[in-house]
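What follows is one structure encoded as structure tokens, with my remarks underneath.
The values are calculated or read from the model by the stated rules, or taken from the named source; none is laboratory data. Owing to the predicted nature of the structure, the values given are computational and were not obtained by experimental measurement. So basically every Cβ, Gly included, is an ideal-geometry build from the backbone, and we count neighbours across all protein chains shown. Keep in mind that these areas ignore ligands, DNA and RNA; they rest on the heavy atoms of the full protein, side chains included. Shrake-Rupley method; radii C 1.70, N 1.55, O 1.52, S 1.80 Å.
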Amino acid sequence: MKTKIKEMRTKAKMTQQQLADLVHVSSRTIISIEKGQYSPSLMLAYRIAQIFDVTVEELCCLKENKELEDKKYEDL
């Protein structure tokens with residue numbers, strides 16, 4: 001799943017470890033999310049969204065991700 005976490009984190013001049021500490025996960029979790037290798041739980045997405053004062057929808061690009069997923073099903 002595509003997210004804006006890396007973009008928001010770098011804009012805030014925050015390291016992956018600093019963000020991880022704030023939301024109580026390992027830096028590996030943040031790295032995996034930023035690489036699109038792991039989708040955050042709803043609660044983790046909410047915690048991160050609160051840090052950056054955005055909605056979960058904006059943080060996780062939900063509209064864009066839904067459109068991409070819908071397109072996959074149309075091609076079947």
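In table form, for the structure just shown:
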{"item": "Those residues of the range 10-32 which are without any contact (Cβ under 8 Å) to a residue 24 or more places away in the chain, part of a helix (DSSP H, G or I) and either surrounded by 13 or more Cβ atoms within 10 Å (Cβ to Cβ) or among the acidic types (Asp, Glu) (or both), in sequence order", "result": "16, 18, 20, 21, 27, 29, 31, 32"}
{"item": "Whichever residue in the range 49-59 is in a helix (DSSP H, G or I) and among the charged types (D, E, K, R) and, among such residues, is most open to solvent (accessible area, probe 1.4 Å)", "result": "57"}
{"item": "Restricting the range 56-67 to residues that are more than 25 Å from residue 26 (Cβ to Cβ) and free of Cβ contacts under 8 Å to residues at least 60 places away in the same chain, the residue that is nearest to the chain's Cα centre (by Cα)", "result": "57"}
{"item": "Pairs, first surrounded by 11 or more Cβ atoms within 10 Å (Cβ to Cβ) and of a type in the set (Asp, Glu) in the range 33-48, second in a loop (DSSP other than H, G, I, E, B) and at pLDDT 95 or above, C-beta under 8 Å, six or more apart", "result": "34/3"}
